[in-house]
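Take a look at the structure below.
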């Protein structure tokens, strides 16, 4: 607790006397102590309220982050499935195109070989 230096004027000292001045200073010190204790009590309550509100907001943010994470996870899974489907479709198209060209190549090769054998 901080102490307060009080200067009492000579006129007031003369009127109150030494005992009166001591009593007056004692009263002022009691008032100061009471106000300091009350301020500490109020500050403690304010701090506790702040801590409760902070914890509440922390819980809200945590639940919102969890919700966003779940939503993003679902969207990512959907995108992966869509891309996997598109990739499978493209692979099937490419495979069909490759088989078509392989058939054309081997057909012409066999026809050329047979024609060469027959024309001999």
Next item on the list: Considering the convex hull of the alpha carbon atoms of the range 12-95, report its projected area averaged over all viewing directions, in nm², one decimal.
Entry: 9.2
Note to self: Restricting to DSSP H runs of at least four residues, report the calculated mean residue ellipticity at 222 nm for the chain, -39500 (n - 2.57) per run over all residues, nearest 500 deg cm²/dmol.
What the structure shows: -35000 deg cm²/dmol
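None of the figures in this text is laboratory data; all of them are computed from the coordinates on show. Only a predicted model underlies this, so the values are computations on that prediction, with no experimental measurement involved.
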